[in-house]
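Just below is one structure, and these are the notes that go with it.
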Amino acid sequence: MDVGATRTECNRRMPVNKRYSVAVTIAALVAALGVGLLLSESLLRLFYPQTLGVWAQTRDGLILLRPTLQVFHEKFRTHVHTNSFGFRDREHKLGKPDGTLRVLLLGDSFMEALQVNFEDAFSTLLEKELQGLIGCPVEVISAGVSGWGTDDEVTYLKRKGAEFHPDVVLFAATLHNDISDNLEGRYHRVDQGQLIEKPIRELPWYTYWGLEARSYLASHSHLYQIVYQSWKSLGRSDAGARLTSHVVELMRNNQSDEVKRGWWVTQKLLEEAQSLARADGFKLAMFIIPTVYEVDERSYLDLIAAHQLNGSDLNRDKPVEALAAILDGEDIQAINLLPEFRTWSSESGQQLYLQGDGHFNREGHRLAASVVSRNLARMIHEWESFDRCRITRAEMTHNSAHAE
């Protein structure tokens, strides 16, 4: 027997066996990791379910909700359904039904309304109340997304919203963050005193699909959400402090250059929206959502005390007054919620905003829809171009009489 040959053969086989052993080990580790992840996901769903995300980004950079999504929102205990356009709303056709007044509602998280069930949300209530007031069919298309400011809303209106052929475009202005959102310049930039729209650039496919994968995991995986939210919470308190500080700056009698710039950008964006309205033949209106500090006296005094402010340096009505002046200058119809909100809060002693969250509660949505529907109905009756509603009412009356 050749001992040398045997040893050589063994040496030749050892690397093969070693590689096989390493492959088996890696496969076992991957399998164990997969089982661990699946088990963690199952346990979280059963015993500690997370609030899943609902948002996504289009390839051209618009932030929307994930289309055709159905999810239970753990934080607010609400059922969230989105349509194929990426909004929390029922389905709509691009073509407008004959004899229908179509309202395109643009707003942020207040109009997205994850905090309440859809039947209690502003858009649903507005459609019902407005139809009863003007006497012709009304269709409200709700396009509200968390984090949107006027910049996002005007951009969506130009790129997509006008395809719905609305009769009225109704902006919901959230004063506590819209001005700061507009300063971020997501879709516009300031150049030599002019507001310039940024060119549309599609994301590279690998970047887009990476964002899509994250969005899918956020809307389906409780394990992903607990990891992501834990990481995100590290800077959340700073974000809340910055938002409150911005609200204070909006109320100051002597406003900073940054706030003045925010108001200027907002005015230019609304000027752009008005130009589009005149070109496409729809009407513009905006309702102003006040902050809880403007509505509730106790909350305002607590804000002053917490930040050691001098009340004489502030005017809590200033944000509403500043935006109303811009709307008047641009000939955009303004609906101010503040007077009726302040009266209701004072007389009832109840809250219109969720404590610790800041969004409307059910009563806030109800009162806002009541105020806006009454004011919008009055505007519609005054707009000569809306004779279609009077014609529709006459046709309905004639058909009813003929049927009898």
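The values are calculated or read from the model by the stated rules, or taken from the named source; none is laboratory data. Everything numeric in this text was worked out from a predicted model, so none of it was measured. All Cβ positions, glycine included, derive from the backbone under ideal geometry; neighbour counts span all protein chains shown. These accessible areas exclude ligands, DNA and RNA; they are computed on the full protein's heavy atoms, side chains included. Shrake-Rupley method; radii C 1.70, N 1.55, O 1.52, S 1.80 Å.
To the nearest 0.05, what FRET efficiency results for Ser370 and Ser40 with a Förster distance of 51 Å applied to their C-beta separation? Write out the running numbers ahead of the final one.
Details: r = 47 Å, r/R0 = 0.92.
Using R0 = 51 Å, I get an efficiency of 0.65.
Comparing Met286, Met111, Met251, which has the greatest mean-square fluctuation in the GNM of the chain with Cα pairs linked when under 10 Å apart?
Taking springs between Cα atoms under 10 Å, the residue moving most is Met251.
Given contacts defined as C-alpha pairs under 8 Å and at least six residues apart, what's the relative contact order of the stretch 272-371, whole-number percent?
On the way: 80 pairs, mean separation 29.5, N = 100.
Over the stretch 272-371, the number comes to 30 percent.
At 7 Å along Cα-to-Cβ for each site, give me the label-to-label distance between Gln70 and Glu347 in nm.
Taking the simple label geometry, Gln70 and Glu347 are separated by 4.2 nm.
Taking only DSSP H segments of four or more residues, each worth -39500 (n - 2.57), what value at 222 nm results for the chain once the sum is divided by all its residues, to the nearest 500 deg cm²/dmol?
Details: 15 runs with 219 residues, N = 404.
Mean residue ellipticity at 222 nm (helix-derived): -17500 deg cm²/dmol.
Can you tally the net charge around Ile226? Count Lys and Arg as +1, Asp and Glu as -1, for every other residue whose Cβ sits under 12 Å from the Cβ of Ile226. Mind dumping the intermediate values first?
Values: positive: Arg45, Lys232; negative: Glu41, Glu74.
Neighbour charge sum, excluding Ile226 itself: 0.
Amide H neighbours of Thr78 under 5 Å, counting only residues 5+ apart in sequence or on other chains, H built in-plane at 1.01 Å?
Amide H neighbours of Thr78, under 5 Å, 5+ apart: His73.
If you stretched the chain out fully between Val24 and Leu183, how much longer would it get, using 0.36 nm times the residue separation minus the C-alpha to C-alpha distance? Numbers along the way, then the final one.
Values: separation 159, 0.36 × 159 = 57.24 nm, distance 5.51 nm.
My answer for the length gained is 51.7 nm.
Among 148-156, 292-300, 214-222, how do they line up from the highest to the lowest mean number of other beta-carbon atoms within 10 Å?
Working: 148-156: 25.7, 292-300: 19.2, 214-222: 17.6.
In decreasing order of mean packing, 148-156, 292-300, 214-222 become 148-156, 292-300, 214-222.
If the chain between Asn117 and Ser256 were fully stretched, how many nm would it gain, using 0.36 nm times the residue separation less the Cα-Cα distance?
Working: separation 139, 0.36 × 139 = 50.04 nm, distance 3.92 nm.
Result for the pair: 46.1 nm of gain on full extension.
What value does the chain have for Rg/Rh, both radii from Cα atoms and Rh as Kirkwood defines it? Display every interim value, and only then the final one.
Details: Rg = 27.4 Å, Rh = 24.3 Å.
That ratio is 1.13, to two decimals.
Which order, highest average first, do 84-95, 29-40, 259-270 follow once you tally other Cβ atoms within 10 Å for each residue and take the mean per peptide?
Working: 84-95: 15.3, 29-40: 10.7, 259-270: 19.8.
Most protected by this proxy first, the peptides run 259-270, 84-95, 29-40.
In percent, what relative contact order does the chain have, based on Cα pairs under 8 Å that are 6 or more apart in sequence? Intermediate results must be reported in sequence, preceding the final value.
Working: 555 pairs, mean separation 74.4, N = 404.
18 percent.
Give the carbon-plus-sulfur fraction of the accessible surface of the chain in %, rounded to a whole number; probe 1.4 Å, heavy atoms of protein chains only. Please report the intermediate quantities before stating the final value.
Values: 11460 of 21230 Å².
Carbon and sulfur: 54 percent of the exposed surface of the chain.
With θ taken as phi - 60° and the coefficients 6.51, -1.76 and 1.60, list the Karplus ³J(HN,Hα) couplings across the stretch 57-70 in order, rounded to whole Hz; mark glycine and proline as x.
10, 7, 5, 8, x, 7, 8, 10, 8, 5, x, 6, 9, 10
State in Å² the accessible area per residue of the chain; use a 1.4 Å probe, count heavy atoms of protein chains only, and round to the nearest integer.
Numbers: 21230 Å² over 404 residues.
Here the per-residue accessible area is 53 Å².
Hey, can you grab everything whose amide H is under 5 Å from the amide H of Gly144? Only 5+ residues off in sequence or another chain; H modelled, so Pro and N-termini drop out.
Amide H to amide H, under 5 Å and 5 or more residues apart or across chains, Gly144 pairs with Arg88, Gly107.
Please list the non-local residues whose amide H lies under 5 Å from the amide H of Ile332, H modeled 1.01 Å from N, same-chain partners needing a gap of 5 or more.
Excluding prolines and chain starts, which carry no amide H, there are no hits.
From the phi angles alone, apply the Karplus equation (6.51, -1.76, 1.60; θ = phi - 60°) to the stretch 265-270 and give each ³J(HN,Hα) in whole Hz, x where the residue is Gly or Pro.
My calculation for the stretch 265-270 gives 4, 4, 4, 5, 5, 5 Hz in order.
Tabulate in residue order the Karplus-calculated ³J(HN,Hα) for the stretch 153-165, using 6.51 cos²θ - 1.76 cosθ + 1.60 with θ = phi - 60°, rounded to whole Hz; enter x for Gly and Pro.
5, 5, 5, 5, 4, 6, 7, 10, x, 5, 5, 7, 6
I'd like the distance between the alpha-carbon centres of the stretch 274-310 and the stretch 68-111, rounded to an integer number of Å.
If we compute the Cα centre of each part, the gap is 23 Å.
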